[in-house]
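S.K.: My questions will all concern the structure given below.
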Amino acid sequence: MALTMLNELLLEDPSPSMLLYQVSKPAKLDALNYQSNFMQDIFAHFPDTLFIHRTYNPTGKVLYTFLADGPQVQLEGHLARTVYFAIPAKEDAEGLTQMFQVFKMFNPAWEKVRTILVDPYFFPLPILAMEFPTAEVLPSAFHICKFLQGKFYQLSLEQPVKQVLLTALQSTMCSATAGNLRKLYALLSNCIPPDQLTKLHPYWLLNDRIWLAHRRRSQAESSHYFQGLEVTTRILSQFFGTTPSVEQGITSLLRFMQQNSGDKAFLSLGLSSQSNCAPSDVSPQSPKVEQLVEACIQHSLHTICTEPAAQLCLGELAVVQKSMQLIGSGSEKVNVQILEDTHRVQPQPPASCNCYFNQAFHLPCRHILAMLRARHQVLQPNMLPPQWTADCAASLDDILGSKWSETLDKHLAVALLTEQVGQLLQHCSQEEFELRYSTLRRLADIWIGPYEQVQL
């Protein structure tokens, strides 16, 4: 199957391509190296800086995507700056060495590479140093930004503090001057607890080598650069990072590139694109495909679930349909973000999520449904506890009474009230603050104990 799919893909490719792959004994794709003639031309014209991004597949395989980078590279279109795709047989020294050596064999201009940008946890640095001895390997500004963004969501920060940090990060990335980076460093030091601060590696902000090339872009160019990489990494995740089959994932990705060959009008190396033109945010899935997937999910909910359970889950699906999802796969779990705090989904049945809805009801939440929608999958019976299945005659009151515990109800009520009170206290005048604080102080003394024992 792997051989058939890849060979059909080559026959459909309008431009000559170089493809080297290995297939294991059970006819599974073991390793792959792919570069079209057009991708090779892009690298030959812009060999100075390479950007490497890794996308994990649920099977454990990793797709390495090489992109041309640098302020001088101004190419429009989805995946326009992509110069190479590779899936190593294993992510060990032997597999990665072979991958880089094949890349060099395909591209005689590899000796001109001066900088390689990678994610902060890119472990094969010694292999890169050995295979590209004249290149400097640095963490990329994009990956550092995404790393800090994820940490802000993971830390138990108050919402106003989190919003201030996210806004400051976005502003700094679009104008990465030494002064702005120092201000962001100071802000992190003031807002993040010391025991958590080290996990954010704030010293990256003070490493001038990381930001030197990025600093040459204007504010509009920097914003455009980050938006383009966001779209690119999301497309990679949608096709390869959420597809259980490696062969299907890489074939769909390469076919998507072929079908969007209209972008090549912008890629004529004699033309310069408009640097301040925002990239169109187009999903790799057509609207008809999305509608079909959503209809199948709705049908599976009505078929498998009791009617009350289906209504609760359809409300979650409605949120998914109206929002933007960022879905990225690690080796074991799937990270899902729906314009809110990031939640972690365990896709193996019974599917679970660490959000409040799933923990309280044990039903597929918006994050699980977003994962199903991205993977073109539907709800399965083993994803539900028995009391929610369609053959169960229990009433909604009985189910909610058994699942919505008094402790959870109190926790939610207290959490909401605490957040509201906290926001009121932070945004009022000093006089109002003292009045409201004294009121809380009296209530705490009455309900809990004297001031000496209870600190607000």
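The values are calculated or read from the model by the stated rules, or taken from the named source; none is laboratory data. All figures in this text were calculated on a predicted structure; none of them were measured in a lab. Every residue, glycine among them, receives a Cβ derived from its backbone with ideal geometry; neighbour counts consider all protein chains shown. What goes into the accessible areas is simple: the full protein's heavy atoms, side chains included, and nothing from ligands, DNA or RNA. Shrake-Rupley method; radii C 1.70, N 1.55, O 1.52, S 1.80 Å.
S.K.: Would it be correct to say that A68 is without any contact (Cβ under 8 Å) to a residue 24 or more places away in the chain and of a type outside the set (D, E, K, R)?
M.R.: Numbers: without any contact (Cβ under 8 Å) to a residue 24 or more places away in the chain: no; of a type outside the set (D, E, K, R): yes.
No: the conditions fail for A68.
S.K.: Would a scan of region 99-117 turn up a residue that is closer than 30 Å to N354 by Cβ and either modelled with pLDDT under 90 or outside any helix (DSSP H, G or I) (or both)?
M.R.: At the first step, the residues of region 99-117 found to be closer than 30 Å to N354 by Cβ are none.
There is no residue in region 99-117 that is closer than 30 Å to N354 by Cβ and either modelled with pLDDT under 90 or outside any helix (DSSP H, G or I) (or both).
S.K.: May I ask you to verify whether L292 is at pLDDT 65 or above, open to solvent by less than 30 Å² (accessible area, probe 1.4 Å) and either in contact with a Gly (Cβ under 6 Å, 6 or more places away or on another chain) or in a helix (DSSP H, G or I) (or both)? Outline the logic, then answer.
M.R.: Details: at pLDDT 65 or above: yes; open to solvent by less than 30 Å² (accessible area, probe 1.4 Å): no; either in contact with a Gly (Cβ under 6 Å, 6 or more places away or on another chain) or in a helix (DSSP H, G or I) (or both): yes.
Here the answer is no, as L292 does not meet what is asked.
S.K.: State which residue pairs qualify: first residue outside the structural domain of K162 (by the TED database) and part of a helix (DSSP H, G or I) and inside region 420-444, second residue among the hydrophobic types (A, V, I, L, M, F, W, C) and surrounded by fewer than 12 Cβ atoms within 10 Å (Cβ to Cβ) in any location, beta carbons under 9 Å apart, and separation of 6 or more residues or different chains.
M.R.: Qualifying pairs under 9 Å: Y437/L456; L440/L456; R441/L456; A444/L456.
S.K.: Provide a single number: the residues in region 121-144 that are farther than 21 Å from K199 by Cα and either outside the structural domain of P47 (by the TED database) or assigned to a helix (DSSP H, G or I) (or both).
M.R.: 6
S.K.: So, in region 100-129, how many residues would count as being open to solvent by less than 40 Å² (accessible area, probe 1.4 Å) and among the hydroxyl-bearing types (S, T, Y)?
M.R.: Residues that pass the stated criteria total 1.
S.K.: Can you work out which of the residues in region 205-220 that are in a helix (DSSP H, G or I) and at pLDDT 85 or above is farthest from D69 (Cα to Cα)? Outline the logic, then answer.
M.R.: Initial filter on region 205-220 (in a helix (DSSP H, G or I)): 205-206, 208-211, 214-216, 219-220.
Right, trim to at pLDDT 85 or above and you get 205-206, 208-211.
Values: L205: 20, L206: 22, D208: 18, R209: 15, I210: 13, W211: 13 Å.
Only one residue tops the list, namely L206.
S.K.: Considering region 304-318 alone, what residues qualify as being modelled with pLDDT under 75 and open to solvent by 50 Å² or more (accessible area, probe 1.4 Å)?
M.R.: E307, Q311
S.K.: Confirm whether T233 is assigned by the TED database to the domain that holds G70, within 25 Å of G60 (Cβ to Cβ) and open to solvent by less than 40 Å² (accessible area, probe 1.4 Å).
M.R.: On the way: assigned by the TED database to the domain that holds G70: yes; within 25 Å of G60 (Cβ to Cβ): yes; open to solvent by less than 40 Å² (accessible area, probe 1.4 Å): yes.
Spelling it out, T233 is indeed assigned by the TED database to the domain that holds G70, within 25 Å of G60 (Cβ to Cβ) and open to solvent by less than 40 Å² (accessible area, probe 1.4 Å).
S.K.: What is the residue count in region 130-150 for residues that are open to solvent by 50 Å² or more (accessible area, probe 1.4 Å) and under 19 Å from L205 (Cβ atoms)? Explain how you work it out, then say what you get.
M.R.: First, pick out the residues of region 130-150 that are open to solvent by 50 Å² or more (accessible area, probe 1.4 Å): 130, 133-134, 136, 146, 149.
Among the residues that remain, those that are also under 19 Å from L205 (Cβ atoms) are: 136, 146, 149.
Of the residues in that region, 3 qualify.
S.K.: If I ask for residues that are assigned to a helix (DSSP H, G or I) and open to solvent by 40 Å² or more (accessible area, probe 1.4 Å), which ones from region 236-251 would you list? Spell out the reasoning first.
M.R.: From region 236-251, those assigned to a helix (DSSP H, G or I) are 236-241, 246-251; that's our starting set.
Within region 236-251, just Q248 meets the criteria.
S.K.: In region 78-92, is there at least one residue being surrounded by fewer than 21 Cβ atoms within 10 Å (Cβ to Cβ) and within 21 Å of G228 (Cβ to Cβ)?
M.R.: The first filter runs over region 78-92 and keeps only residues surrounded by fewer than 21 Cβ atoms within 10 Å (Cβ to Cβ), leaving 78, 89-92.
Now restrict to residues that are within 21 Å of G228 (Cβ to Cβ): 78.
Yes - at least one qualifying residue is present in region 78-92.
S.K.: Would you say P71 is closer than 20 Å to A141 by Cα, open to solvent by 10 Å² or more (accessible area, probe 1.4 Å) and of a type outside the set (G, A, S)?
M.R.: Working: closer than 20 Å to A141 by Cα: yes; open to solvent by 10 Å² or more (accessible area, probe 1.4 Å): yes; of a type outside the set (G, A, S): yes.
Yes; evaluated as a whole, the condition is true for this residue.
S.K.: Scanning for something within 17 Å of the chain's Cα centre (by Cα), open to solvent by 20 Å² or more (accessible area, probe 1.4 Å), assigned by the TED database to the domain that holds W204 and acidic (D, E), does region 151-164 turn up at least one residue?
M.R.: Looking through region 151-164, none of the residues is within 17 Å of the chain's Cα centre (by Cα), open to solvent by 20 Å² or more (accessible area, probe 1.4 Å), assigned by the TED database to the domain that holds W204 and acidic (D, E).
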